[in-house]
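The values are calculated or read from the model by the stated rules, or taken from the named source; none is laboratory data. In this text the structure is predicted, and so the values were computed from the model without any measurement. No Cβ is skipped: glycine too gets one built from the backbone with ideal geometry, and neighbour counts run over all protein chains shown.
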């Protein structure tokens, strides 16, 4: 293609493969790193793209319901562990249920998160081992459609059996933050303002963000990100993004609180921004105790 159009230089994103870049340079093609994301027109989704993301989001919700049902059906043992039949319920078992459900919807997922107890205090921890009653279990599912290539993204936090008072308070703070953020969504609202509202709500309820013993605690990530042909794309819903959201943007709204030794809570939905509000692409119950 470069030869056909007599091109002598290309702009590439920072994640471009170095081996291909070397081959281009050997063929006297200049390779320049472009800091801004390529194809900025991808930010605004057409109707068929919104439909494609919605289909993936529906698969994510189906997998979420299957995972929650599996956890809810487990028996609480004397030591707090959970059993399904004769098997101890583990993160790996729930992840398998999620991935099998996604395959039934012609979707696949990598890095699915099923993180229980203290492991959930790390928002990127995939989770492993036995799950226990009375502890947070963070379920983060982000499937990609094998047909369209578009992604979906959803997170719920659940607790098998009664939740400790502190966990309930933490969960309600995150839920209130997300509700406040969703309420203000519309074309023209600044992305940074959406993040700030969520942070302010959680702080007003007594949940501080900072560093304890060298570990970040509290609301330690951005509110959300764009979803499309990549699971993380523009626009970012972060304190650094002073640009306004626009109709046609598809973004996640996923506030969370994380504390070492206790665990984390995150609630996430993927929505399409409209002129005067937003559209929930696929609703799913938000309930801590199951």
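Remarks
- For residue 94, the requirement of being farther than 30 Å from residue 160 by Cα, at pLDDT 95 or above and surrounded by 19 or more Cβ atoms within 10 Å (Cβ to Cβ) is not met.
- Selection of first residues in segment 17-45 that are under 18 Å from residue 1 (Cα atoms) and of second residues that are part of a helix (DSSP H, G or I) and modelled with pLDDT of 90 or more, restricted to Cβ pairs under 8 Å at least 6 apart or on distinct chains, gives the following pairs, ordered by first then second residue: 31/21; 31/24; 31/25.
- Tally of residues being exposed (fewer than 15 other Cβ atoms within 10 Å of the Cβ) and not in a helix (DSSP H, G or I) across segment 11-32: 9
- The set of residues from segment 98-120 being surrounded by fewer than 19 Cβ atoms within 10 Å (Cβ to Cβ) and either farther than 19 Å from residue 231 by Cα or in contact with a strand residue (DSSP E or B) (Cβ under 7 Å, 6 or more places away or on another chain) (or both) comprises 100, 104, 106, 108, 118.
- Residue tally, condition in contact with a strand residue (DSSP E or B) (Cβ under 7 Å, 6 or more places away or on another chain) and farther than 16 Å from residue 113 by Cβ, over segment 132-149: 5
- Selection status of residue 171, more than 15 Å from the chain's Cα centre (by Cα) and buried (at least 22 other Cβ atoms within 10 Å of the Cβ): yes
- Within the option set 157, 148, being at pLDDT 95 or above, more than 15 Å from residue 120 (Cβ to Cβ) and not in a helix (DSSP H, G or I) holds for one residue only, 148.
Here's the yes/no breakdown for (1) surrounded by fewer than 23 Cβ atoms within 10 Å (Cβ to Cβ); (2) in the same structural domain as residue 170 (by TED's automatic domain parsing); (3) in contact (Cβ under 8 Å) with a residue 24 or more places away in the chain; (4) in a strand (DSSP E or B):
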position: 187; (1), (2), (3), (4): yes, yes, yes, no
position: 192; (1), (2), (3), (4): yes, yes, yes, no
position: 241; (1), (2), (3), (4): yes, yes, yes, no
position: 247; (1), (2), (3), (4): yes, yes, yes, no
position: 251; (1), (2), (3), (4): no, yes, yes, yes
position: 287; (1), (2), (3), (4): yes, no, yes, no
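- The one condition from (1) closer than 30 Å to residue 282 by Cβ; (2) over 21 Å from the mean Cα position of the chain (by Cα); (3) at pLDDT 95 or above that residue 19 does not meet is (1).
Condition check ((1) at pLDDT 95 or above; (2) loosely packed, with under 15 Cβ neighbours inside 10 Å; (3) more than 30 Å from residue 131 (Cα to Cα)) across all residues:
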| position | (1), (2), (3) |
| --- | --- |
| 3 | no, yes, yes |
| 34 | no, yes, yes |
| 47 | yes, yes, yes |
| 54 | yes, no, yes |
| 73 | yes, yes, no |
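- When residues of segment 160-177 are limited to those that are assigned to a helix (DSSP H, G or I) and in contact with a strand residue (DSSP E or B) (Cβ under 6 Å, 6 or more places away or on another chain), the one nearest to residue 68 (Cα to Cα): 171
- Qualifying residue in segment 216-232 (condition: assigned to a loop (DSSP other than H, G, I, E, B), within 24 Å of residue 143 (Cα to Cα) and without any contact (Cβ under 8 Å) to a residue 40 or more places away in the chain): yes
- Among the residues of segment 1-11, those that are in contact with a strand residue (DSSP E or B) (Cβ under 7 Å, 6 or more places away or on another chain) and without any contact (Cβ under 8 Å) to a residue 24 or more places away in the chain comprise 8, 9, 10.
- Whichever residue in segment 66-81 is over 18 Å from residue 100 (Cβ atoms) and not in a strand (DSSP E or B) and, among such residues, is nearest to the chain's Cα centre (by Cα): 80
- Count of residues meeting criterion [under 18 Å from residue 112 (Cβ atoms) and out of contact with any helix residue (DSSP H, G or I) (no Cβ under 8 Å at 6 or more places or on another chain)] in segment 56-81: 7
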